[in-house]
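Asker: A single structure is presented below for examination.
Computed from the coordinates by the stated procedures, all read-outs in this text should not be read as laboratory data. Every value quoted in this text rests on a predicted model; they were computed, and no experiment measured them. Cβ sites come from the backbone with ideal geometry, for glycine too, and all protein chains shown count toward neighbours.
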Amino acid sequence: MDEDSDTYWQLLKLNFKVKYRNFKEFCAIVRRFYKNRQFCQCDLLLLREYLWQNPFAISKKFLIRHGEKNVHAYGETPLTSLAKIAEACQITPKDVVYELGCGRGRGCFWLHCFYQCRVVGIDFVPSFIQKAEKVRKRCDLEAIDFRCEDMSKSDFSGGTVFYLYGTCLEDSLIKKLIKKFKQLPSGTKIMTVSYPLSDYSSGFNLHRTLSVPFTWGEGIVYIQEVKNSK
C-alpha cells in the first residue's frame with residue numbers, strides 16, 4: 001500500500017511539473033512571438049483546432065490502429081527551443097526547410113512567419129495534416145506545403161535545410177533517411193535531435209551542437225552538412 005502511494009505521488013508530481021513547464025512555455029510564446037501578427041493568427045487558429053482534441057491522444061490512437069510498437073512516440077519541439085535551433089542553423093529567407101515528422105505543424109508556421117522561408121511539413125498522421133492545411137488555407141500561406149506521407153518515401157528535392165526530431169525512430173528508418181540525405185547536394189544542412197548522423201554514416205560533416213530543452217528534458221541538437229561526394 002505504501003509503495004502504491006509513493007508511486008501515485010511521484011506520478012502526480014511529474015504531471016504537475018510537465019503542466020507547469022508547458023504553461024511557462026506558452027507564456028513565453030505569447031510574450032515573444034505573438035507580436036508577429038501573422039504567426040499569432042496561425043497559432044490561435046491551430047490551437048482552436050485542438051481545443052477538444054489532444055495531439056498526443058490523436059497520435060496514440062493512430063499508432064495503435066496501425067499496430068506500432070511504440071504508441072507514445074509523439075513529441076513536439078518547444079518553439080522557444082526551435083528559435084535557438086533556427087538561429088544556430090542560420091536559416092535565411094532563401095532556404096527551403098523540411099520538417100520531417102512535423103506533427104500538427106506548429107513549427108512549420110513559426111519557421112515561415114519568422115524567417116520568411118519556404119517550409120515543407122511531412123507527417124503520416126492524416127488528422128495532423130488536415131488540420132494544418134485548414135489553417136494554412138485560412139491564413140493564405142502559399143509558402144508552406146503540408147504532406148501526409150511516409151518520410152522515407154518523400155521527395156526531398158529542393159530542400160536546403162532538414163529538421164528531424166526523431167528520438168524514437170527505429171534504426172531501419174534512420175538508415176533509409178540517411179540514404180536519401182546522401183543524395184542531396186553537398187552543403188545541405190540536416191538537424192537531428194539526440195544523435196548525429198555520423199553514428200550511422202561518414203557522409204556528413206558535423207558543423208555544430210547545442211543543448212536545448214524539450215518536454216522530456218535537455219536534448220542535444222546536431223547540425224551537420226552533407227559531404228561533397230566527389
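Asker: Sequence gap at least 6, Cα distance under 8 Å: using those rules, report the relative contact order of region 75-194 to the nearest whole percent.
Answerer: 26 percent
Asker: If you take every residue apart from Lys180 with its C-beta less than 14 Å away from the C-beta of Lys180, what net charge results, scoring Lys and Arg +1 and Asp and Glu -1?
Answerer: The answer is +2.
Asker: Between Tyr200 and Asp145, what's the calculated FRET efficiency when r is the beta-carbon distance and R0 is 25 Å? Round to 0.05.
Answerer: 0.35
Asker: How high is the FRET efficiency from Gln116 to Thr209, r the C-beta distance, R0 22 Å, rounded to 0.05?
Answerer: E between Gln116 and Thr209, to the nearest 0.05, is 0.25.
Asker: How high is the FRET efficiency from Glu225 to Tyr34, r the C-beta distance, R0 25 Å, rounded to 0.05?
Answerer: E between Glu225 and Tyr34, to the nearest 0.05, is 0.15.
Asker: Which percentage, to the nearest 5, of the DSSP beta bridges contained in the chain is antiparallel?
Answerer: 45 percent
Asker: So how far apart, in nm, are the two label points at Leu51 and Asp6 if each is 7 Å from Cα heading toward Cβ?
Answerer: About 4.4 nm separates the two model spin labels.
Asker: Going by average Cβ neighbours within 10 Å, how do the peptides 94-106, 124-136, 152-164, 36-48 rank, with the highest at the top?
Answerer: 94-106, 124-136, 152-164, 36-48
Asker: Multiply the residue gap between Phe16 and Gln130 by 0.36 nm, knock off their C-alpha separation, and tell me the result in nm, one decimal place.
Answerer: That works out to 37.9 nm of additional length.
Asker: Now a separate question. Let me check against my output: what whole-number percent is the relative contact order of the chain, with C-alpha pairs under 8 Å and at least 6 apart?
Answerer: After rounding, I find 17 percent.
Asker: Can you pull the one-decimal nm distance between simple spin-label points at Asp155 and Phe26, each 7 Å off the Cα toward Cβ?
Answerer: Each label point lies 7 Å from its Cα, and together they span 3.9 nm.
Asker: Using the Cα centre of region 35-229 as the reference point, and only Cβ charges (+1 on K/R, -1 on D/E), how large is the resulting charge dipole? Debye, rounded to the nearest 20.
Answerer: Computed about the Cα centre, the dipole is about 260 debye.
Asker: Note the full-extension length gain between Glu170 and Lys84 as 0.36 nm times their separation in residues minus their Cα-Cα distance, in nm to one decimal.
Answerer: Additional length available on full extension: 28.3 nm.
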